[in-house]
Amino acid sequence: MPIIEVTSLTKLYNRGKVRGIENMNFSVDEGELFGFIGPNGAGKSTTIRILMNMLKPTSGTARIFDLDCSKHSRIIKRDVGYMPSEVRFYPGATVRELLDYACKLRGSAKGSWHELADFFQLDAGKKFSELSIGNRRKLSIINAMMHRPRLLILDEPTGGLDPLMQEKFFEKLLECRKNGATIFFSSHNLSEVQKYCSRVALVKNGHIEMMPELAALSMHFVELAASSDLNMLFDRIHAVGLHHSSGRIRFMLPGEDLSSFLGALAGMDISDVVITKPSLEQLFHKIYYGEETGK
């Protein structure tokens, strides 16, 4: 059973004149670390706010733990840790007061924030107004994690964290996953998504453009220069995104075609060939901006 299931989800603003998201479909399985990426305005935060019942959808459904996010929000939120993209707490309250208050609101002593504060090196005696941007992010992370939720929903969680603290964050995130949590997080940082996620949804203009299985991503970027007629070559392989520039030919090649491609090169007058594995960032730019990659 999916932990998150989104079906034909649409959110329109200004009486239907402005699109937030439109006909979005995806699911997140139990125990998965799922990435949700796209530029500003793509619809990531709108989707997350619907999941958290902060916005009502225009149409379609969003379900968590097989419960409707609008109708059963209070029940759902007992087992969800949410971190918004913008961190706002009472400015005059200390970290200790804020986290103790959050425990009381949840009505449970389950978990402890003290361990997390030590791990993330956050001074519990400081007021929120005195915290740096990075420390405010740490506070929000601790608030989301401290009750050991079944599901973590994190909106741009690493923004403002230094590289060392980003590593510690993912160390803790993987520990949460090992202990049974499912993790859904949006990000602009493509390298961290590629490193840690099993799947990712690429969001563009309110739609999901692509949901690749990252572990099985088997495309190759090929760039070659040849004086031979290459029509026979392209009759034998499945070239994607064929592009000619300055005497060189660039294209993407499915991984299963690599052996056929190398065999087809025999006997051809090839002066240069370069084969590389694409990064998620290269695929992202290809999908969003039509940019040639692997140059």
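The values are calculated or read from the model by the stated rules, or taken from the named source; none is laboratory data. Keep in mind that what you see is a predicted model, and the values were worked out from it rather than measured. Cβ coordinates were reconstructed from backbone atoms using ideal geometry, including for glycine residues, and neighbour counts include every protein chain displayed. Heads up: the accessible areas ignore ligands, DNA and RNA and are worked out on the full protein's heavy atoms, side chains in. Shrake-Rupley method; radii C 1.70, N 1.55, O 1.52, S 1.80 Å.
Apart from one condition, residue 113 fits all of (1) more than 30 Å from residue 10 (Cα to Cα); (2) open to solvent by 20 Å² or more (accessible area, probe 1.4 Å); the exception is (2).
Let's see how each residue does on (1) assigned to a loop (DSSP other than H, G, I, E, B); (2) modelled with pLDDT of 75 or more; (3) crowded, with 17+ Cβ neighbours inside 10 Å:
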residue	(1), (2), (3)
221	no, yes, yes
225	no, yes, no
228	yes, no, no
232	no, no, no
243	no, yes, no
256	no, no, no
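Consider residue 66 carefully, then state whether it is of a type in the set (Asp, Glu) and at positive phi. The answer is yes for residue 66. When every residue of region 53-62 is checked against the conditions, at least one turns out to be open to solvent by 20 Å² or more (accessible area, probe 1.4 Å) and either touching a residue at least 60 places away in the same chain (Cβ under 8 Å) or small (Gly, Ala, Ser) (or both). For region 68-97, a residue qualifies if it is surrounded by fewer than 19 Cβ atoms within 10 Å (Cβ to Cβ) and of a type in the set (A, V, I, L, M, F, W, C), and the qualifying residues are 75, 93. Scanning region 140-167 for residues that are open to solvent by 10 Å² or more (accessible area, probe 1.4 Å), among the charged types (D, E, K, R) and either modelled with pLDDT of 95 or more or not in a loop (DSSP other than H, G, I, E, B) (or both) yields 150, 167. Residues in region 179-208 that are under 14 Å from residue 31 (Cα atoms) and either at pLDDT 85 or above or buried (at least 16 other Cβ atoms within 10 Å of the Cβ) (or both): 179, 180, 181, 182, 183, 184, 185, 196, 197, 199.
Condition check ((1) more than 26 Å from residue 160 (Cβ to Cβ); (2) of a type outside the set (A, V, I, L, M)) across all residues:
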residue	(1), (2)
55	no, no
61	yes, yes
64	yes, no
78	yes, yes
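Cβ-Cβ contacts under 8 Å between residues 6 or more apart (or on different chains), taken from a first residue in region 158-176 that is under 13 Å from residue 121 (Cα atoms) to a second residue that is among the acidic types (Asp, Glu), are listed as 166/192. Of the residues making up region 119-139, at least one is at pLDDT 95 or above, open to solvent by 90 Å² or more (accessible area, probe 1.4 Å) and on the phi > 0 side of the Ramachandran plot. Which residues, counting only those in region 272-295, are at pLDDT 70 or above and either part of a loop (DSSP other than H, G, I, E, B) or surrounded by 11 or more Cβ atoms within 10 Å (Cβ to Cβ) (or both)? Of everything in region 272-295, those that are at pLDDT 70 or above and either part of a loop (DSSP other than H, G, I, E, B) or surrounded by 11 or more Cβ atoms within 10 Å (Cβ to Cβ) (or both) turn out to be 273, 274, 275, 276, 277. Summed over region 223-256, the residues that are in contact (Cβ under 8 Å) with a residue 60 or more places away in the chain and in contact with a His (Cβ under 9 Å, 6 or more places away or on another chain) give a count of 0. Out of 54, 83, which single residue is touching a helix residue (DSSP H, G or I) at 6+ places or on another chain (Cβ under 6 Å) and among the hydrophobic types (A, V, I, L, M, F, W, C)? That would be 83, the only listed residue that is touching a helix residue (DSSP H, G or I) at 6+ places or on another chain (Cβ under 6 Å) and among the hydrophobic types (A, V, I, L, M, F, W, C). Note on region 23-52: residues that are open to solvent by 40 Å² or more (accessible area, probe 1.4 Å) and at pLDDT 90 or above total 5.
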